[in-house]
Amino acid sequence: MIKFFLMVNKQGQTRLSRYYEHVEINKRTMLEAEVVKTCLSRSKDQCSFIEYKDFKLVYRQYAALFIVVGINETENEMAVYELIHNFVEVLDKYFSRV
């Protein structure tokens with residue numbers, strides 16, 4: 001199950017966030033900061049799946065934009081990785097040149 005969906009730029013600014021479980025506002029800010037820091041610090045040679053606290057992070061980078069999805073431990077990481085790519089393709093077709 002997807003817990004949250006984030007779109008973040010390279011400066012660490014959140015451009016879009018969607019939570020599918022209730023998380024308090026102050027905890028959201030801390031969670032986003034930690035998640036962004038974790039994803040931005042990784043090199044391109046490293047895997048796009050990270051075990052983080054009690055869930056997993058799946059992220060993908062498109063130019064200066066990172067898309068990060070938090071999932072529970074039973075979710076398929078590759079399916080979510082493809083979901084991110086399909087989401088970006090849909091945005092690209094709809095808005096032309098995302």
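The values are calculated or read from the model by the stated rules, or taken from the named source; none is laboratory data. Predicted model only: the values in this text are computed from it and were never measured. Cβ coordinates were reconstructed from backbone atoms using ideal geometry, including for glycine residues, and neighbour counts include every protein chain displayed. Keep in mind that these areas ignore ligands, DNA and RNA; they rest on the heavy atoms of the full protein, side chains included. Shrake-Rupley method; radii C 1.70, N 1.55, O 1.52, S 1.80 Å.
Per the listing GLU34, GLU21, the residue uniquely among the acidic types (Asp, Glu) and within 21 Å of PHE87 (Cβ to Cβ) is GLU21. Taking the range 35-81 as the region of interest, the strands (runs of 3 or more DSSP E) fully inside it that hold 2 or more residues being open to solvent by less than 60 Å² (accessible area, probe 1.4 Å), hydrophobic (A, V, I, L, M, F, W, C) and under 14 Å from LYS10 (Cβ atoms) are 65-71.
When each of VAL88, VAL35, VAL80, VAL23 is tested for being hydrophobic (A, V, I, L, M, F, W, C) and over 15 Å from the mean Cα position of the chain (by Cα), the lone residue that passes is VAL23. Taking the criterion of being among the charged types (D, E, K, R), out of contact with any helix residue (DSSP H, G or I) (no Cβ under 8 Å at 6 or more places or on another chain) and either without any contact (Cβ under 8 Å) to a residue 12 or more places away in the chain or loosely packed, with under 13 Cβ neighbours inside 10 Å (or both), the residues of the range 1-33 that qualify are ARG15, ARG18, GLU21, GLU24, LYS27, ARG28.
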